[in-house]
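Chemist: If you scroll down you'll find the structure; I have some questions about it.
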């Protein structure tokens, strides 16, 4: 069954829980800008990251890349950025796409872990 054809009856966020069972790590709400392009293409697109995990992210965009696309990505917050390679693992027409990080250098892995710790703490704080 294709990932994009899975349906969920209870979707609370744009990316919902439809992939929760297949994820290796939890995804947290996150807000950052992202620049993406295929290889050395000049077609660079920008969008918003709205969900983040150690293995990937959800990108809110009206023009997602096709499933299977290999992308170079840069994710920016106000103070730091992540750079790596990712693959489009599913798309939601006119809404966005799920990316899986395929290559991450050790420094950027530390950046991801720092962001995830902050997101996890924010989520716990809002649950009180």
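Rule-based calculations on the coordinates, nothing more; no lab input. Predicted model, so just to flag it, every value in this text is computed and none were measured. We place every Cβ from the backbone using ideal geometry, glycine too, and count neighbours over all the protein chains shown.
Chemist: For segment 84-118, how many residues are assigned to a helix (DSSP H, G or I) and under 17 Å from residue 34 (Cα atoms)? Please lay out each step first, then the result.
Modeler: Keep residues of segment 84-118 that are assigned to a helix (DSSP H, G or I), which gives 106-118.
Retained after the next criterion (residues that are under 17 Å from residue 34 (Cα atoms)): 108-109, 111-112, 115-116.
Adding up the residues that qualify gives 6.
Chemist: Is one or more of the residues making up segment 114-128 over 18 Å from residue 26 (Cα atoms) and out of contact with any helix residue (DSSP H, G or I) (no Cβ under 8 Å at 6 or more places or on another chain)?
Modeler: Step one: of segment 114-128, the residues over 18 Å from residue 26 (Cα atoms) are 128.
Cutting the leftovers down to out of contact with any helix residue (DSSP H, G or I) (no Cβ under 8 Å at 6 or more places or on another chain) gives us 128.
Scanning segment 114-128 turns up at least one residue that is over 18 Å from residue 26 (Cα atoms) and out of contact with any helix residue (DSSP H, G or I) (no Cβ under 8 Å at 6 or more places or on another chain).
Chemist: Determine which member of the set 94, 114 is within 19 Å of residue 65 (Cβ to Cβ) and either buried (at least 18 other Cβ atoms within 10 Å of the Cβ) or out of contact with any strand residue (DSSP E or B) (no Cβ under 7 Å at 6 or more places or on another chain) (or both).
Modeler: 94
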